[in-house]
1. Test of understanding: among Tyr109, Tyr57, Tyr92, which residue is aromatic (Phe, Trp, Tyr) and surrounded by fewer than 19 Cβ atoms within 10 Å (Cβ to Cβ)?
2. With the checklist (1) open to solvent by less than 40 Å² (accessible area, probe 1.4 Å); (2) at pLDDT below 95 in hand, flag the one item Asp87 doesn't pass.
3. Can you name the residue in region 67-81 that is surrounded by fewer than 21 Cβ atoms within 10 Å (Cβ to Cβ) and touching an Asp or Glu at 6+ places or on another chain (Cβ under 8 Å) and is also nearest to Leu26 (Cα to Cα) among such residues?
4. Given the criteria at pLDDT below 95 and aliphatic (A, V, I, L, M), does Leu76 qualify?
Amino acid sequence: QVQLVESGGGLVQPGGSLRLSCTASLPNFERTMMGWFRQAPGSERKFIARSGVDTSYTASVRDRFTISRDNAKNMLYLQMDNLTPEDTAVYYCAAGRPGKFYPVTVSDYQYWGQGTQVTVSS
């Protein structure tokens, strides 16, 4: 059974850092495109970063967030630095659909975690 479980969210002050983790119970993890999305209240779920064939970020986080993975442990990470209140959202880990080598849309991803809340506030 495929399962993605995020952890590491919480409350942080502006300018602070958090590291999100995603534990993936997923066959062939090392060959799966993995991504991070976030969803703020009243907004659509939006792409943040992906890791696999390439590493890609949305412009608003490119210089502050770093996606990484440990294929030996089936883990995906998102290091978030210099956080701002605009980064407040529920963050989701996702596994790309087979054959999607550059997934950026919600429909490009097949499996999702339950999400972890990140709140940036003083």
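The values are calculated or read from the model by the stated rules, or taken from the named source; none is laboratory data. Quantities reported herein were computed from a predicted structural model and do not represent experimental measurements. Positions of Cβ are generated from backbone atoms using ideal geometry, with glycine treated the same way; all protein chains shown enter the neighbour counts. When the accessible area is computed, the model is the full protein with side chains, heavy atoms only, and any ligands, DNA or RNA have been set aside. Shrake-Rupley method; radii C 1.70, N 1.55, O 1.52, S 1.80 Å.
1. Sole residue among the options that is aromatic (Phe, Trp, Tyr) and surrounded by fewer than 19 Cβ atoms within 10 Å (Cβ to Cβ): Tyr57.
2. Status for Asp87: all satisfied but (2).
3. Out of the qualifying residues, it is Asn71.
4. Values: at pLDDT below 95: no; aliphatic (A, V, I, L, M): yes.
No: the conditions fail for Leu76.
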